[in-house]
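Step one of this worksheet: look at the structure below.
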Amino acid sequence: MLHNFKIKNNKLFIGGISAENLVARYGSPLYVYDTDIIKRQYQEIVKNISYPKKSIHFACKANVNIELLKLLRQEGCKLEAVSKGEILAGFEAGFLPEEIIYTCSYVTKEELQFVIDNDILLNVDSLKQLEIIGQIYPGKKICIRLNQGIGAGHHTHTITGGPNSKFGIDISEINKVKRIAKKYKLQIIGVHQHIGSGYLDANLYMKSVRKLLDTARKFEGLDFVDFGGGFGITYSPKDKPLNMVKLGKLITKEIERFNRDYGKEIEIKFEPGRFLVGESGVLLSTVTEIKKSPYNTFVGIDAGFNQLIRPMMYGSYHEIVNAGKIKGKDELVWVVGNICESGDIFASDRKLSSPKEGDILAILDAGAYGYAMSFLYNGRHQLAEILVEGESTRLIRKKRSFLHE
């Protein structure tokens, strides 16, 4: 959202540097991240959920840049990984095995073996995986990922819980889970759910919290309950932000009540991804051409859906501004990319301030599932990434083409 950044002389600044200056220095198009926003978002969770026995694990599939992982670890964050590659990235960033949770999803026996050999805690996603883990390492401590029929997201592909989700063990199969665990003497020390990352309503989020705590009562000897992600961010100016102050109080109150009933003080875990990095990121791109048809005005830019696929893949809204002219004469335009596909559209019928060739457009809230989902289609580059801290900048990933690694 635009309120995350400063406006000076009608120009967009990321940290202490103008977007135009960043493009002049590093080229276009370009991914840029604001360090202060990442730190702020992490502290939003830590400070507002006052319950002391908690862990925050960054769901690094949102953005696996090593320097961002290092930044979050320095803040005190832990890691949630979904692949061997993400675990290795975590190791490179300095995370220890005990700071990582691995969430399984239709993975090979070899990958499960790698996770177990590195002594990383697993969120087990299926009865089949439970059997494999029991056979490889009987007696191991594990966490069970449950599908409780609850999910949230702006698109069906972003909802990770519910009757049509491929993830988790259905709660109707809890007795089967217990039988398999007993057979192999597996120790279930945690229960986990991930419902998607679209919640902006604290009361709705609490329904999933209460549901998982109700399920947790069916297990003895738990050390923790893992609520996964779920914290949403405001992509559209019409969205109201999640009230973390209210949510933190509700969560703390509910956990304290659970502890009294359960007879034990448990740890709580959260796995935010989008919430931590989404608002920090901006995709900067240059207007290459303005094409007027009898029906629409197309503002073409030097980026494409291979570099930010969310609008095409999910119909996602991203606020777009003219970085060198925030306020001006608004025109109703379509912002389109340079990929040879009809669906390469970032925005349709969107108001944009006086667009001209050579202007720098800023596509906001692109820090999560932006670069992480990019690819080399049409022979177009994966972009360089820049980290801004105040008036300092640092290249944290070089531009990559299909010709050169």
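Observations
- Helix 127-136 axis versus longest C-alpha principal axis of the chain: approximately 70°, rounded to the nearest ten.
- Residues whose amide H falls under 5 Å from that of residue 297, counting only those 5 or more places apart or on a different chain, are 334, with hydrogens built in the peptide plane.
- Proportion of all alpha-carbon pairs of segment 1-104 beyond 22 Å (%): 44 percent
- Our estimate of slack between residue 400 and residue 260, defined as 0.36 nm per intervening residue step minus the Cα-Cα distance, is 45.0 nm.
- Whole-Hz ³J(HN,Hα) from phi, Karplus 6.51 cos²θ - 1.76 cosθ + 1.60, for segment 70-80, glycine and proline x: 4, 4, 5, 5, 4, 6, x, 6, 9, 9, 10
- Taking amide H atoms as placed 1.01 Å from N in the peptide plane, the amide H of residue 325 lies under 5 Å from those of 12, each 5 or more residues away in sequence or on another chain.
- Helical mean residue ellipticity (222 nm; -39500 (n - 2.57) per DSSP H run of 4+; nearest 500) of the chain: -8500 deg cm²/dmol
- Candidate cross-link partners of residue 240 among the aspartates and glutamates, defined by an alpha-carbon separation under 13 Å and a same-chain spacing of 8 or more, comprise 201.
- Cα centroid separation, segment 177-236 to segment 250-308 (Å): 21 Å
- Hz values of 3J(HN,Hα) by residue in segment 303-316 - Karplus curve (6.51, -1.76, 1.60), Gly and Pro given as x: 10, x, 5, 5, 9, 8, 8, 4, x, 6, 6, 10, x, 6
- Peptides 372-378, 124-130 ordered by packing proxy, namely the average of other Cβ atoms within 10 Å per residue, highest first: 124-130, 372-378.
- Annotation: Cα Rg of the chain relative to the compact-globule expectation 2.2 N^0.38 Å equals 1.03.
Every read-out reported here was derived from the displayed coordinates using simple, explicitly stated rules and does not represent laboratory data. Everything numeric here is computed off the predicted structure, so don't read it as measured data. So basically every Cβ, Gly included, is an ideal-geometry build from the backbone, and we count neighbours across all protein chains shown.
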